[in-house]
Amino acid sequence: MAQHNAYWLNPRGKILDIGIGTHIDQVIKSPTSFGLTDRYVRNVYDKHNEPMNLEGKAREELMLELIKDGYVRIRLVTNRFWLVNSNRYDKKLKKALSVWAETAKDVKGAGKYMPVKIVTDKETISDYDVNDLYYEKHMNESDISATKDFHPVIVESVYDFKESKYREFLREKKNKKDIEIAHYPLKDAIEYAQSQFESHGKELYDVIPDFDKHYEFAQTHASSGTHLRKDMPVIHKHDIGKFKQFLEDKGIKSKVGKIAVGTFHPLQKQIYMNKSIDSIAEHGIATTKKFLTDPKVITVISNDHYIIDGHHRMLSGMLVDPKMKFNTLKVDVPATELLPLALEFSDKTGNVRNEQIRSNGHLI
């Protein structure tokens, strides 16, 4: 009889037979098989100040994140029962468990009558043993019919566990629409950014070594925006002189200067991560910096450092280097006063709101 007592199931139906090892060992051994990266895993351990492989808080965070993402953890609990941790108990999981039971019934010290406890956030199912699952007693006719084209398989190597087509599917799905940074986890952002940089023959961390730190910094700032993109003014770079005069005519002072982008606050809440990352990946770090610091590219901000237009420039700057100094037109009124003035000017000028403006391929 086999001595294996731990398994991983992925969202596409691959069942990884871990043997007598641990679940976290497999994640550390091949993070990409779980949709993660080496750096992401290391950062989680560093955050908790724990050495790799320690079964502490970092391990718990990673395990819970994977289960939330659709991975299923199975382990034998002191020869008393099999524990299945999942974020759902659906038709596909039922089918996968029937395939898993075929090998589980031969596990030494457990056998086919070992109870199985399935635990999700919403329910605990303790009605079956391994033999019941093997003979699909947990499935009704609807379950069987719905999964007739779903064929889970058992693999013995974590490298065979990776389902590239699944990740490609997720990436294609993400690319179909703009991705708001405020709601996009770092783990997924790393995967997206790496794919974009690789498509241009670059390595993400060679270009932006502190990407993780910069992304979390930018995400915190971006999450404070409150206005929809369609309700924001559009001020082109060739409008800056006219806007300055417009303000002067109303008795409002403004001053051109240089200010670190990391001190900016957004008014707009729809700030799309993919727009900035795609541009940086395509043009590279030197060209991006040259564009963002071009004296002709001026960002309008209030005296409390809220940005009026150019939110994707702001995001690009924060991702590359939050200390980067932007050329600014700082207006001597708070954002609550500046925004309606900027909207008045933008509308009178005839600038179209919510317009995706590009200059030499760069987002403005």
Q: Might you check whether a residue that is more than 25 Å from Phe81 (Cα to Cα) and surrounded by fewer than 16 Cβ atoms within 10 Å (Cβ to Cβ) occurs anywhere in the range 7-26?
A: no
(Q) Being farther than 30 Å from Tyr205 by Cβ, of a type outside the set (Val, Ile, Thr) and surrounded by fewer than 23 Cβ atoms within 10 Å (Cβ to Cβ) is the filter here; which residues of the range 312-341 pass it? (A) Leu329, Lys330, Asp332, Pro334, Ala335, Glu337, Leu339, Pro340, Leu341
Q) In the range 101-140, which residue that is polar (S, T, N, Q) and more than 23 Å from Val155 (Cα to Cα) is surrounded by the most Cβ atoms within 10 Å (Cβ to Cβ)? A) Thr120
Q | Contacts under 7 angstrom Cβ, first residue in the range 183-198 being farther than 17 Å from Arg42 by Cα, partner surrounded by 16 or more Cβ atoms within 10 Å (Cβ to Cβ) and charged (D, E, K, R), 6 or more apart | A | Tyr192/Lys174; Gln196/Asp278
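List the helices (runs of 4 or more DSSP H) that sit entirely inside the range 1-71 and contain at least 1 residues that are under 27 Å from Lys112 (Cβ atoms) and in contact (Cβ under 8 Å) with a residue 24 or more places away in the chain.
Counting at least 1 such residues, we get 23-29.
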Q. Going by the conditions given, is Ile240 out of contact with any Phe, Trp or Tyr (no Cβ under 6 Å at 6 or more places or on another chain), outside any helix (DSSP H, G or I) and assigned by TED's automatic domain parsing to the domain that holds Thr293?
A. no
Q: Hey, can you tell me all the residues within the range 47-83 that are basic (Lys, Arg) and in contact with a strand residue (DSSP E or B) (Cβ under 7 Å, 6 or more places away or on another chain)?
A: Arg73, Arg75
Q) Out of all the residues in the range 258-285, which are out of contact with any Phe, Trp or Tyr (no Cβ under 9 Å at 6 or more places or on another chain), within 28 Å of Val331 (Cβ to Cβ) and charged (D, E, K, R)? A) Lys269, Lys275
Q) What is the number of the single condition among (1) in a loop (DSSP other than H, G, I, E, B); (2) under 19 Å from His312 (Cβ atoms) that Ile277 does not meet? A) (1)
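The values are calculated or read from the model by the stated rules, or taken from the named source; none is laboratory data. Computed from a predicted model, the values in this text were never measured in an experiment. So basically every Cβ, Gly included, is an ideal-geometry build from the backbone, and we count neighbours across all protein chains shown.
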